[in-house]
Amino acid sequence: MRVLLQRVSQGSVTVDGDTLGQISLGYVLLVGVGQGDTRAEADRLAEKIVNLRLFPDDRGRFDRSLLDVVGDALVVSQFTLFGDARKGRRPSFIHAADPADAEPLVDYFAERLKALGVRHVATGRFAAMMDVEIHNDGPVTLWLDSAELSA
């Protein structure tokens with residue numbers, strides 16, 4: 001699994017003009033599922049994300065976690081995180097999981113964030129054309145790959 005994490009002052013996801021999810025201070029998490037990914041990867045990433053210290057303390061240093069600031073999370077499925085653009089002009093997505101496997105894992109990941117104590121977890125709609133509004137705070141953006149976390 002891969003997650004592009006962006007610390008935000010607010011974020012939302014809209015489909016066909018309807019706002020499906022909206023958050024204030026927290027993380028927008030663009031989540032890609034690769035072939036062979038399991039709940040173990042989702043668990044590892046969720047645990048890492050809720051405990052990362054990416055929010056400033058009184059001195060402006062990254063010393064507070066999402067749980068410390070009682071922040072929110074917006075989870076948006078993003079198969080294109082597994083795009084391979086090394087050859088040609090059109091990315092290949094052969095390493096992305098089949099939608100039938102990916103959708104339940106993205107849902108499970110969102111549920112794990114809730115179970116780990118995230119106050120409010122909003123989501124987009126799997127496989128929909130979504131408009132994602134991200135007010136990147138900082139900006140602070142991190143790339144997390146479950147394969148790299150376990151290495």
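Any read-out appearing in this document is the output of simple, stated calculations on the displayed coordinates, not a laboratory observation. Everything numeric in this text was worked out from a predicted model, so none of it was measured. Heads up, the Cβs are rebuilt from the backbone with ideal geometry, glycines too, and the neighbour counts pull from every protein chain shown.
Just to confirm a number: summing +1 for Lys and Arg and -1 for Asp and Glu over residues other than residue 9 whose beta-carbon lies under 13 angstrom from that of residue 9, what do you get?
Surrounding charge for residue 9 is -2.
Is it possible to state the helix-based mean residue ellipticity at 222 nm for the chain, with each DSSP H run of 4+ residues giving -39500 (n - 2.57), the sum divided by total residues, to the nearest 500 deg cm²/dmol? What is it?
Calculated at 222 nm, the ellipticity per residue is -7000 deg cm²/dmol.
Which of [x] 18.8; [y] 14.7; [z] 15.6 is the computed Kirkwood radius over Cα pairs in Å for the structure on display?
Computing Kirkwood radius over Cα pairs in Å and matching it to [x] 18.8; [y] 14.7; [z] 15.6 gives [z].
Short version: ³J(HN,Hα) in whole Hz for each residue of region 103-119, in order, from phi by Karplus 6.51 cos²θ - 1.76 cosθ + 1.60 (θ = phi - 60°), x for Gly and Pro, what are they?
So the J values, rounded to whole Hz, are 4, x, 6, 5, 4, 4, 4, 4, 5, 5, 4, 4, 5, 7, x, 5, 4.
Taking the Cα centre of region 1-150 as the origin and placing charges on Cβ (Lys, Arg +1; Asp, Glu -1), which of 130, 28, 116 is farthest toward the positive end of the dipole?
28
Distance between Cα centroids, region 1-30 to region 100-151: provide it in whole Å.
8 Å
Search the structure for amide H atoms under 5 Å from the amide H of residue 83, placed 1.01 Å from N in the peptide plane, and list their residues when 5 or more places away or on another chain.
For residue 83, whose amide H was placed from the backbone, there are no distant partners under 5 Å.
Which ³J(HN,Hα) values, rounded to whole Hz and listed in residue order, are derived for region 14-30 from phi using the Karplus coefficients 6.51, -1.76 and 1.60 in 6.51 cos²θ - 1.76 cosθ + 1.60 with θ = phi - 60°, glycine and proline given as x?
Whole-Hz 3J(HN,Hα) from phi for region 14-30: 10, 10, 6, x, 9, 6, 8, x, 8, 9, 9, 3, x, 10, 9, 10, 8.
Give the order of 79, 126 when sorted by the count of other beta carbons within 10 angstrom, beginning with the fewest.
126, 79
Amide H neighbours of residue 75 under 5 Å, counting only residues 5+ apart in sequence or on other chains, H built in-plane at 1.01 Å?
29, 122, 123, 124
For the residues 121, 75, 70, 140, what sequence is obtained by ranking on other C-beta atoms within 10 Å, fewest first?
Placing the least packed residue first, the sequence is 70, 140, 121, 75.
With a cut-off of 8 Å between alpha carbons and a minimum separation of six or more residues, what is the relative contact order of the chain in percent?
38 percent
What list of ³J(HN,Hα) couplings, whole Hz, do you get for region 72-86 from phi and the Karplus terms 6.51, -1.76, 1.60, once you set θ to phi - 60° and write x for glycine and proline?
9, 9, 10, 9, 10, 5, 8, 4, 5, 5, 9, x, 10, 10, 5
For region 1-70, which trypsin sites (Lys or Arg not before Pro) are in a loop by DSSP, counting at most 10 other Cβ atoms within 10 Å?
The qualifying sites are 59, 61.
Take every DSSP beta bridge whose two residues both sit in region 2-149, then give the antiparallel share in percent to the nearest 5.
75 percent
Counting only residues 5 or more places away or on other chains, whose amide H sits under 5 Å from the amide H of residue 140 once H atoms are built in the peptide plane?
Distant-sequence amide H within range of residue 140: 7.
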